[in-house]
Amino acid sequence: MNKKIIYTVLLLVCGSGLMSSCSDYLDSGQYFKDRLTEEKVFEGKVYSEEWLAHVFEELKGINADVASKGVTPHNFADDMYYGDRDSDYDPSKNELSYNMFRMGQYNENDKQDTWTQCYRGIRNASTFIHNIYMNIEMTEDEIDDYRGQARFARAYLYWLLLRKYGPIPLLPDEGLDYADSYDELAIPRSTYEDCAAFISSEMLLAAQEMEARGMVRGQDGSARPSVGAALATRAKALIYAASPLANGNTSNFATQLVDDQGNQLLSPDYQEEKWAKAAAAARDVIELGVYHLYTVPVQETGEDATVIPPDDNNFSEKAWPEGWADIDPAKSYAQVFDGTLPPSGNPELIFTRGNNQDGEDIRAMVAHQLPRSATGWNTHGLTQKLVDAYAMNDGSDVPGKDSEIGRGDGSERISGYVTQEDYDAGRYRPLRADVSLQYANREPRFYASVAFNGSFWPLLNESQERNRNQQAFYYRNNAKGNGFNSSNAYWLRTGFGVKKYVHPSDTYEGGDINKIVFKSEPAIRYADILLMYAEALNELDGSYNMPSWNGGNYNITRNITEIQRGIHPVRIRAGVPDYSASAYNDKNELRKRLKRERFIELLAEGQRYYDLRRWMDAPVEESLPIYGCNVLMNSEERDLFHQPVAVWALETTFADKMWFWPISLTELKRNNRLTQNPGWNYND
């Protein structure tokens, strides 16, 4: 049996980083020699499937796209924070707190399993790709499909590395002899452009290999990809490569990020055509006709009746998909995430690990979002900036928006509260009595996402009826324990919690995670692709003829009708009016609108942290102070509670070293051609 195969099998058991310390076993692999030969591994379907399953295992844990901070902190940015794991409030904690994360106070040893898992998976996927042809128990279509799945996994692992670390080494597809010394194996970092191009070409080939059997499989929750998943990942890699961080970047940081020969890894030359490539790739997903946004029919009566958005003389008069007249926008958005839908029943889920996540999955996130009165940890919250981003239900800005961070229009925040008479009369629905009118008449996604002071929690899995259907107030020393308490860390630093992902039945009573409904991770969602399509088209001045993935061509240009093809479904499902004609005609204005749309629509989906970096907005947006309610105020001081203040417990900054995650010192020692990201250490 050849040493390369023995080595790769061993990696399934003991592999580590780009180069493994398992080489000592190369000449003592008797166990594998006795049991397996290269032919036996890949001739049989069972062994082949087990090998592929091991590859997909590498997508779990720290490589999850959406997870709680115990796995990866990258789901948190200037929109959502976590208040636990903070030694300032709990000296027993010695972990990466939100403040440490936002202040760049992590090091070259933190959260490095991404590198280890990805390169191990990449190697094992390559072995599968080059040997599955031996299988004698599969049809040719099955072999192509399985090869396409492995190719997807390999390219997706590269995508995760690129997004987190920036430009990374691309391993030769064949020809590496893993018995060579580390110096002989040393591989430099490729440029960002080359990494994205490789991911794009591999995902295209994976889609073509899976075409016969894998057109819709990606929604089954098994973490096995479909054609759409491959094409969607391709679109994401290409739009990142088209964005300012990697396209025309002449910053000081970009000049310092070089390979071992001094070659710049982020392109200083702007190429508009990169946006056209990204637009064409996103359109490939749209043209499949497989995905669409999920909607819930309008409910006209009952306690939970649909809150109808106001008449806009456009969308309000039409049925879905041209309008919202026959849908419930709030429920349509909420149920995509809260576990109502299994992966197979979610028409906008393009790729997911399903419920198959290690460690702190989305249920763990929800346990930290639930109020203390539901035995939740009450520590994941939202910033005032995110809360202000949600429009009023007529599409206008909320009065007082961003006034504390110097971006206001001179308007003042709304005063007053919902009275019991208001509530009984059905005014300001879905607000209940004693809730600030600052939260009245907001767009439907606001109510599906934001846990404001006095918001309503059904908690239907509570064993005692008296503990269900309650309001949660975050005033200081609240009787139910939801507000500020100097004796522990379990309070919302801003007075805003997170409703997204919370099912009406969810509670954490008795610390029982099974009282929280299973949620499928939205690793890639159709709304993201639609907004990417609009974003890429908006950046164009010229016209480009671009090939589609399976033959034919697209004329890619800044066509407003095509831009609306990406924007309209998202805003219609959300129950908000269209942008004005002047916004569509102004590239800069539309860019601002689209960034805000992503901020809201993709909240808590692992997108914001990376969006801010690819747009090069992070130095400004991540340095702004975080504002929120004045949580030191009690219910008798409710006017002061609702007056935004800078949150002393949450810190912010941005430094150049925070563009990309540091590469571990161990890997730098193993690969003498590997260069560190600027601002981080090369040596212990």
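The values are calculated or read from the model by the stated rules, or taken from the named source; none is laboratory data. The shown structure was predicted, so the numbers you read here are calculated from the model rather than taken from an experiment. Here the Cβ is made from the backbone with ideal geometry for all residues, glycine too, and neighbour counts use every protein chain on show. For the accessible areas, the whole protein counts, side chains as well, though only heavy atoms, and no ligand, DNA or RNA atoms are used. Shrake-Rupley method; radii C 1.70, N 1.55, O 1.52, S 1.80 Å.
Please find the FRET efficiency linking GLU137 to ASP269, where r is the Cβ-Cβ separation and R0 is fixed at 60 Å, and quote it to the nearest 0.05.
Efficiency for this residue pair is about 0.75.
Please give the Cα centre distance for region 454-504 versus region 383-404, rounded to the nearest Å.
23 Å
Rounding to the nearest 10 and keeping the result within 0 to 90°, find how far the Cα-based axis of helix 273-287 lies from the longest principal axis of the chain.
Helix 273-287 sits roughly 80 degrees off the main axis of the chain.
Give the angle, between 0 and 90 degrees and rounded to the nearest 10, that separates the Cα long axis of helix 140-165 from the longest principal axis of the Cα atoms of the chain.
Relative to the chain, helix 140-165 is tipped by roughly 60 degrees.
When the helices in the chain are scored as -39500 (n - 2.57) per DSSP H run of 4 or longer and the sum is shared across all residues, what 222 nm value do you end up with, to the nearest 500 deg cm²/dmol?
Taken over the chain, the calculation gives -10500 deg cm²/dmol.
Provide the packing ranking of 527-535, 148-156, i.e. peptides ordered by the mean count of other C-beta atoms within 10 Å per residue, highest first.
Ranking, from highest mean packing down: 148-156, 527-535.
Taking 41 Å as R0, compute the FRET efficiency from the Cβ-Cβ separation of ASP578 and ASN683 and round it to 0.05.
0.15
Got a sec? What order do SER487, SER97, SER396 fall in by accessible area at 1.4 Å, biggest, i.e. largest, first?
Numbers: SER487 95, SER97 5, SER396 50 Å².
Result of the area sort, largest leading: SER487, SER396, SER97.
What order, most packed first, do the peptides 121-133, 365-377, 645-657 have when packing is the mean number of other Cβ atoms within 10 Å of each residue?
Per-residue mean Cβ counts within 10 Å order the peptides as 365-377, 121-133, 645-657.
Give me the percent of accessible area attributable to carbon and sulfur for the chain, probe 1.4 angstrom. Kindly include the intermediate steps, with their values, before the conclusion.
Details: 11180 of 25050 Å².
Taking all protein chains in place, the chain shows 45 percent carbon and sulfur surface.
Taking only C-alpha pairs under 8 Å that are 6+ residues apart, what is the relative contact order of region 304-351 in percent?
Over region 304-351, the number comes to 20 percent.
Quick check for you: with a 1.4 Å probe and neighbouring chains kept, what is the accessible area per residue of the chain, in Å²?
Per-residue value: 37 Å².
Which order, highest average first, do 590-603, 282-295, 255-268 follow once you tally other Cβ atoms within 10 Å for each residue and take the mean per peptide?
Values: 590-603: 18.9, 282-295: 20.8, 255-268: 15.9.
Going by the mean number of other Cβ atoms within 10 Å, highest first, we get 282-295, 590-603, 255-268.
Share of antiparallel DSSP beta bridges in the chain, in percent to the nearest 5?
Percent antiparallel among DSSP bridges in the chain is about 95.
For region 427-494, just say rounded, prolate or oblate: build the C-alpha gyration tensor, square-root its eigenvalues into a ≥ b ≥ c, call rounded for a/c under 1.5, and beyond that prolate if a/b exceeds b/c, oblate if not.
oblate
Take every Cα pair under 8 Å in the chain that's 6+ residues apart, average their separations, divide by the length, and report that relative contact order as a whole percent.
Taking the mean separation of contacting Cα pairs over the length of the chain, I get 18 percent.
How much accessible area does CYS195 have with a 1.4 Å probe, in Å² rounded to the nearest 10?
Its heavy atoms expose roughly 0 Å² to the probe.
Run the quick spin-label model on ASP586 and ASP639: label points 7 Å from Cα toward the beta carbon, then report their separation in nm to one decimal.
3.6 nm
For the cross-link pairs LYS60/LYS331; LYS331/LYS499; LYS277/LYS318, which exceed 22 Å when the distance is taken from alpha carbon to alpha carbon?
Values: LYS60/LYS331 29 Å; LYS331/LYS499 12 Å; LYS277/LYS318 33 Å.
Pairs exceeding the cut-off: LYS60/LYS331; LYS277/LYS318.
In nm, what is the difference between 0.36 nm times the number of residues separating ASP394 and ASN514 and their Cα-Cα distance?
Separation in residues times 0.36 nm, less the Cα-Cα distance, equals 39.3 nm.
What does the extension gain come out to for THR301 and ASP173, with contour length at 0.36 nm per residue minus their alpha carbon separation?
Using 0.36 nm per residue and subtracting the Cα-Cα distance, I get 40.0 nm.
Please give the helix 192-210 orientation as an angle from the longest Cα principal axis of the chain, in degrees from 0 to 90, rounded to the nearest 10.
80 degrees
Find how many whole Å separate the alpha carbon centroid of region 278-357 from the alpha carbon centroid of region 571-600.
Cα centroid of region 571-600 versus Cα centroid of region 278-357: 18 Å apart.
With each pseudo-label sitting 7 Å past Cα toward Cβ, what's the ASP110-GLU50 distance in nm, one decimal?
Roughly 4.0 nm, to one decimal.
Could you give log10 I(q)/I(0) at q = 0.17 Å⁻¹ for region 430-569, computed by the Debye formula over C-alpha point scatterers of equal weight, without solvent?
Per q value, in the given order, log10 I(q)/I(0) is -1.01.
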